[in-house]
1. Condition check: surrounded by fewer than 16 Cβ atoms within 10 Å (Cβ to Cβ) and closer than 15 Å to LEU41 by Cα. Does ASN407 satisfy that?
2. Can you confirm whether VAL293 is aliphatic (A, V, I, L, M), away from the ligand (no atom under 14 Å from the Cβ) and open to solvent by less than 10 Å² (accessible area, probe 1.4 Å)?
3. Filtering the range 145-170 down to residues that are among the hydrophobic types (A, V, I, L, M, F, W, C) and within 15 Å of the ligand (Cβ to nearest atom), which residue is nearest to HIS81 (Cα to Cα)?
4. Condition check: farther than 24 Å from PRO10 by Cβ and either without any contact (Cβ under 8 Å) to a residue 12 or more places away in the chain or open to solvent by less than 60 Å² (accessible area, probe 1.4 Å) (or both). Does ALA287 satisfy that?
5. Which of the following residues is more than 16 Å from the ligand (Cβ to nearest atom), surrounded by fewer than 24 Cβ atoms within 10 Å (Cβ to Cβ) and within 24 Å of ARG409 (Cβ to Cβ): SER378, SER313?
6. Among the residues in the range 200-210, are any charged (D, E, K, R), in contact with a Pro (Cβ under 6 Å, 6 or more places away or on another chain) and farther than 16 Å from GLN146 by Cβ?
7. Going by the structure shown, is LEU303 in a helix (DSSP H, G or I), of a type outside the set (Gly, Ala, Ser) and modelled with pLDDT of 95 or more?
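The values are calculated or read from the model by the stated rules, or taken from the named source; none is laboratory data. Keep in mind that this is a model prediction, so the values were computed, not measured. Heads up, the Cβs are rebuilt from the backbone with ideal geometry, glycines too, and the neighbour counts pull from every protein chain shown. SASA here: full protein model, heavy atoms, side chains in, ligands and nucleic acids out. Shrake-Rupley method; radii C 1.70, N 1.55, O 1.52, S 1.80 Å.
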Amino acid sequence: MAALPPPNDPSTDPSCSDLIAARSLLRFDPMAGLLMDGVPLAAIADAAGTPTWAYSAVTMRARYRALASAMADLNLDARVHYAVKANDSRAVLALFSGEGAGADVVSGGELLKARQAGIPASRIVYSGVGKTEHELRLALSEDIGQINVESAEELAMLSCLADSLGRRARVALRVNPDVDAGTNDKIATGRAEDKFGIPYADAAALYALAATLPGIEPIGLATHIGSQILALAPYREAFARIAELVAALRENGLRVSTVDCGGGLGIPYRNEPAPSPAGLAACMKAAFGRLDVRLAMEPGRWLVGSAGVLLASVVLVKQSPPERFIVLDAGMNELVRPAMYDAWHGIVPVSAADAIAPPVPASVVGPVCESGDTFARSRLLPPLAPKARVAILDAGAYGAVMSSTYNARPLAAEVWVDNERWSVIRDRQAIETLWERERLPA
Ligand code: LLP
């Protein structure tokens, strides 16, 4: 694999045309400007206003099918549980439900949303370090397919609850394999020092204990080592450790029928080399192929990240030598990833006229009152006058779901693009709703 470019080195930035060429949903029309699956993004921005999220249903479907066939090609019995946290729009959930996916949820809210979107309870897996008693009761009463237990303490709580409700929880122990996924520190989850999963050394004993507890049926193991993972080696290492554990448990006479391999597959935000689902499938096959276990995975970003853009308008261009700031009407309250993880997102002009103007370096910022509200530094972009539109790319995952109303900015609209047609799937939040649940103190 070619070396990755260093993070945020502008000299290695792909050009706007390279970014568009590498994304099948986007095309530049010399008259209509930037198109998403044939729909002019300018028309969406005109009708829905900005900032607005636009998602390509065609891309989500194609990626789901590519992932499923990568597994099928290797004869892997692997179920896909879409990680709802990446984009929990009901349109997205219904699309994956229609494709036959299950859901990986991390809260009672996600569980209910997944059920409401038509995902059968039997295809829902519930992960997370802090499931409350109330949420565990909900999972038990819905009789979901699997609960990924992350601690001895949670196992004890679940056993009591299930027993008192006369239920039997199908449990996988989420194991922390102590593997560094080589991703941003804030989204690495499989190192011993991370809060996630059961310490590797404790897992075998806890599994044996689980088999004796009332209300608990241990069915297997789960792991998830992090997100935006751009190399396969950490997966290989983690899966090998989990496979070893499966063998050890079986030697002790315990039944292990399923392994949940988690999510984390990264996407090429900067057109950098990224692993394919076929590569991940090969890692799963190498580790578990001979173990006769049913496999599962929990992809989020890989399915939806590149399928979305955030449309924004230029408010003004501020000359502040030596800086030039392009100030957008979208900010960190919409897309927090650059502020939170120093994440790089492509930014491309929407209009045909802007696209052909010679690029000059600029910093692209939002209106929020924090210097961290910066989408890009020293980015080569056409000059862009006020009211010009840009699309911030690869914003389909961890975009709208992580938005806030900071600075009393209402949540942006969301638009669905499907086969040359589009529709609003979430209205822009009405400003009054920002304070409608507030009460002045007596
Ligand atoms: N399964 C579990 C247990 C998870 O915690 C996650 C993500 C996934 C699956 C899905 O991972 P994915 O395939 O999407 O990488 N907000 C961050 C990402 C946080 C990921 C949290 N857990 C970002 O914007 O990069």
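1. On the way: surrounded by fewer than 16 Cβ atoms within 10 Å (Cβ to Cβ): yes; closer than 15 Å to LEU41 by Cα: no.
No: the conditions fail for ASN407.
2. Working: aliphatic (A, V, I, L, M): yes; away from the ligand (no atom under 14 Å from the Cβ): yes; open to solvent by less than 10 Å² (accessible area, probe 1.4 Å): no.
Taking the combined requirement at face value, the residue does not satisfy it.
3. In this case the residue turns out to be ILE147.
4. Values: farther than 24 Å from PRO10 by Cβ: yes; either without any contact (Cβ under 8 Å) to a residue 12 or more places away in the chain or open to solvent by less than 60 Å² (accessible area, probe 1.4 Å) (or both): yes.
Considered against the rule, which asks whether it is farther than 24 Å from PRO10 by Cβ and either without any contact (Cβ under 8 Å) to a residue 12 or more places away in the chain or open to solvent by less than 60 Å² (accessible area, probe 1.4 Å) (or both), ALA287 comes out as yes.
5. On the way: SER378 fails: within 24 Å of ARG409 (Cβ to Cβ).
Exactly one residue qualifies, and that residue is SER313.
6. Looking through the range 200-210, none of the residues is charged (D, E, K, R), in contact with a Pro (Cβ under 6 Å, 6 or more places away or on another chain) and farther than 16 Å from GLN146 by Cβ.
7. Values: in a helix (DSSP H, G or I): yes; of a type outside the set (Gly, Ala, Ser): yes; modelled with pLDDT of 95 or more: yes.
So LEU303 fits the description; yes.
Condition check ((1) on the phi > 0 side of the Ramachandran plot; (2) touching a Phe, Trp or Tyr at 6+ places or on another chain (Cβ under 9 Å); (3) small (Gly, Ala, Ser)) across all residues:
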| position | (1), (2), (3) |
| --- | --- |
| ASP73 | no, no, no |
| ARG79 | no, no, no |
| ALA94 | no, no, yes |
| ALA101 | no, yes, yes |
| SER122 | no, no, yes |
